[in-house]
Amino acid sequence: MFVITGATGNTGSVAAEALLEAGKSVRVVVRSAAKAQRLAARGAEVVEADLSDEAALRQAFQGAEGVYLLSPPDVTLADFFAVRQKLIDGLARAAKASGVQHVVFLSSLGAQHSSGTGMIVSTHAGEQALRATGLPVTFVRAAYFMENWASALQPVQQDGVLPSFIAASRALPMVATRDIGKAIARALLDGPRGTRIIELGGPAEVSPADVAATFAKILGREVKVAEVPLEAAVATFTSFGFSQSVAEGFREMFEGIANGKVSREGGSAEAAHGTTSLEAELRLLTGRQ
C-alpha cells in the first residue's frame, strides 16, 4: 500500500492515479475529504489530516511500503522558512515512527545547496531531515515548473508581453507537473534503493525567449520578452499578496538561476526527463489544444 500526501495537488493527484492504474492500493492524505471524491471513486482510501498533525500522519503512514511527501507552498507565511522547517521535521518524525519502508520527497534542482537558492532552501532542509531518519529515501529534484508561466498569461494575451525575471536567452530545464507526478509514481513502484536522487527536467532546456515564441505560435500574435530586473522582484511579489519572507525567497531563487546555482548536481544523481513539451503545456494553459 502506498500513501500520497498532497493528493489533490498537481503532482500528488497524478501520482495517486498512476498507482491506482497500476493496480496498487493507495491511501491519500488530504485536508478535505470532499476534494478527494474522484480518487475515492477510483478506489483510494481517503484520510483527512493536516500535514502538521504528526499523530494523524503516523497513523496514516502505518503499513505503507512507500510514502510520498512534499513541502506544500504557502506564499502568505510571515516567516516561511521557520514554519516550513517545523513542518518538515514533523513529517520526518512521523515517517520514522510509523516504520515506512520508503519515502519519496519532492525536492528541486539546486537542493544540494544550503543557501543562495531562495525558496529552494526549504527543499534542502527537507532532504537533510529525511536523510537523518536513516530511512530509504528518493529525492525527486524537479526543474522549474512549466506551469509557472500561467502567471504571465494576462500580459501575454492582452499586450503580447512576457514579463520574466529570467534573462530572455537563459535556457534552463523546465518540466510539467504531470510529469513530476508520473516520476513520483515510478519511484514509489521502484521501491527503496538507499538514498537516491532523481534530477527531473523536461524533454529539452528552454529559455524565456522560447516561451515567448511558443506563446506567439499558439496565439497567432507577436510576443516579446520583457526582462524585469531582480531589484523589482520583492515589490512585485508582495504586491501579489506574498509575504516579505516569501518574496525575498523568490528574488534569491531567480538570482540563483541567473548565476547557475539552481542547477543539476550531477555525479551519482540520475538524470531523468519528462515527455510533455513546452508547446503542449502552454496550449493547456491557454486552452488552445
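Looking at Phe237, Phe254, Phe215, just one residue is touching a strand residue (DSSP E or B) at 6+ places or on another chain (Cβ under 8 Å) and among the aromatic types (Phe, Trp, Tyr), and that residue is Phe215.
Pairing each residue of the stretch 104-119 that is in contact (Cβ under 8 Å) with a residue 40 or more places away in the chain and among the charged types (D, E, K, R) with any residue that is surrounded by fewer than 24 Cβ atoms within 10 Å (Cβ to Cβ) and in a loop (DSSP other than H, G, I, E, B), provided the two are 6+ apart or on different chains, yields no C-beta distance under 6 Å. Does Val30 satisfy the criteria of being closer than 30 Å to Gly118 by Cβ and in contact with an Asp or Glu (Cβ under 9 Å, 6 or more places away or on another chain)? Yes, satisfied.
Residues in the stretch 1-38 that are touching a Ser or Thr at 6+ places or on another chain (Cβ under 8 Å), modelled with pLDDT under 95 and assigned to a helix (DSSP H, G or I): Asn10, Lys35, Ala36.
Among the residues of the stretch 236-254, the ones that are farther than 15 Å from Ala111 by Cα, assigned to a helix (DSSP H, G or I) and out of contact with any Leu (no Cβ under 7 Å at 6 or more places or on another chain) come to 7 in all. Would you confirm whether any residue within the stretch 88-107 is over 18 Å from Ala49 (Cα atoms), modelled with pLDDT of 95 or more and assigned to a loop (DSSP other than H, G, I, E, B)? Within the stretch 88-107, one or more residues are over 18 Å from Ala49 (Cα atoms), modelled with pLDDT of 95 or more and assigned to a loop (DSSP other than H, G, I, E, B).
Identify, by number, the condition in (1) part of a helix (DSSP H, G or I); (2) free of Cβ contacts under 8 Å to residues at least 12 places away in the same chain that Ala60 doesn't meet. Unmet condition: (2).
Results for (1) under 18 Å from Gly181 (Cα atoms); (2) buried (at least 23 other Cβ atoms within 10 Å of the Cβ), shown as yes or no for each residue.
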position	(1), (2)
Ala7	yes, yes
Ser13	yes, no
Lys24	yes, no
Arg27	yes, no
Ser32	no, no
Val46	no, no
Ala49	no, no
Leu69	yes, yes
Pro73	yes, no
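Selection of the stretch 192-231 for residues being acidic (Asp, Glu), assigned to a strand (DSSP E or B) and either surrounded by fewer than 19 Cβ atoms within 10 Å (Cβ to Cβ) or more than 23 Å from the chain's Cα centre (by Cα) (or both) yields only Glu227. Against the definition (in a helix (DSSP H, G or I), surrounded by 17 or more Cβ atoms within 10 Å (Cβ to Cβ) and in contact (Cβ under 8 Å) with a residue 12 or more places away in the chain), how does Ile257 come out, yes or no? So Ile257 fits the description; yes.
Do the conditions hold for Val156, that is, is it touching a residue at least 12 places away in the same chain (Cβ under 8 Å), touching a strand residue (DSSP E or B) at 6+ places or on another chain (Cβ under 8 Å), among the β-branched types (Val, Ile, Thr) and not in a helix (DSSP H, G or I)? No: the conditions fail for Val156.
Filtered by the rule that a residue be under 20 Å from Gly99 (Cβ atoms) and hydroxyl-bearing (Ser, Thr, Tyr), the stretch 22-58 gives a lone residue, Ser25.
The values are calculated or read from the model by the stated rules, or taken from the named source; none is laboratory data. For clarity, every value in this text was computed on a predicted model and none was experimentally measured. Counting neighbours? That spans all protein chains shown, and the Cβs are built from the backbone with ideal geometry, glycine included.
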